[in-house]
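A quick write-up on the structure given underneath.
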Amino acid sequence: MIRVEQVTTDEQYQKALAIRTEVFIVEQQVPEELEVDEYEQVATHVVAYDESGEAVAAGRILPYGDGVGKMQRIAVLKNARTGGYGTAIMNKLENLGRELGYTQFVLEAQIHAEGFYKKLGYETVSPEPFLEAGILHVKMVKNA
């Protein structure tokens, strides 16, 4: 059973940061100053836990224009990547986004994850891939 919670405590936030650090900074070599940014306090964060209660995935959504929520920092620890945690994180973020009044979601997906987001109903809208933190990405959107 996957449990996904909205982050409401510093302890939960630190777990989210630890997951992001492992996936983005350690694994993908994203510079720390790009990973932890000025939107940390503005964003709504979530954390997913496995059946043993360990935090294994995280993500955030933030305001991105009128009625638009931007999904960011979707990260799943390597040993949990086939367990449905990414989908659970996205479902929770989309539900929170609808509660916040968003009618559309946008994200910048790493190329290798484009198929994952397509399965969740996102459509690629960038004419070609672009570099973000040294990694190829595409812009994707979905109506809420």
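Below is a table of values for the structure above.
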{"read-out": "Residue in the range 59-70 that is under 16 Å from PHE24 (Cβ atoms) and either within 16 Å of the chain's Cα centre (by Cα) or part of a helix (DSSP H, G or I) (or both) present", "value": "yes"}
{"read-out": "Options TYR102, TYR49; residue that is out of contact with any Ser or Thr (no Cβ under 7 Å at 6 or more places or on another chain), over 18 Å from THR8 (Cα atoms) and at pLDDT 95 or above", "value": "TYR102"}
{"read-out": "Of all residues making up the range 75-86, the number that are outside any helix (DSSP H, G or I) and touching a Phe, Trp or Tyr at 6+ places or on another chain (Cβ under 9 Å)", "value": "3"}
{"read-out": "Hits in the range 44-60 - residues which are without any contact (Cβ under 8 Å) to a residue 40 or more places away in the chain, among the β-branched types (Val, Ile, Thr) and out of contact with any Phe, Trp or Tyr (no Cβ under 7 Å at 6 or more places or on another chain)", "value": "none"}
{"read-out": "The lone exception for VAL26 - which of (1) aliphatic (A, V, I, L, M); (2) outside any loop (DSSP other than H, G, I, E, B); (3) at pLDDT below 95 it fails", "value": "(3)"}
{"read-out": "Pick from the range 18-54, criterion of a type in the set (A, V, I, L, M) and farther than 18 Å from LYS92 by Cα, ranking: surrounded by the fewest Cβ atoms within 10 Å (Cβ to Cβ)", "value": "VAL26"}
{"read-out": "Cβ-Cβ under 9 Å pairs, at least 6 apart or on other chains, the range 20-43 side more than 17 Å from ASN79 (Cα to Cα), far side among the small types (Gly, Ala, Ser) and surrounded by 12 or more Cβ atoms within 10 Å (Cβ to Cβ)", "value": "GLN29/ALA133; VAL30/ALA133; PRO31/ALA133; LEU34/ALA133; GLU35/ALA133"}
{"read-out": "Candidates MET90, MET140, filtered to the one that is at pLDDT 95 or above, in a helix (DSSP H, G or I) and crowded, with 20+ Cβ neighbours inside 10 Å", "value": "MET90"}
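The values are calculated or read from the model by the stated rules, or taken from the named source; none is laboratory data. Nothing here was measured: the structure is a model prediction, and the numbers come from that model. When we count neighbours, we look across all protein chains shown, and the Cβ atoms used for this are built from the backbone with ideal geometry, even at glycine.
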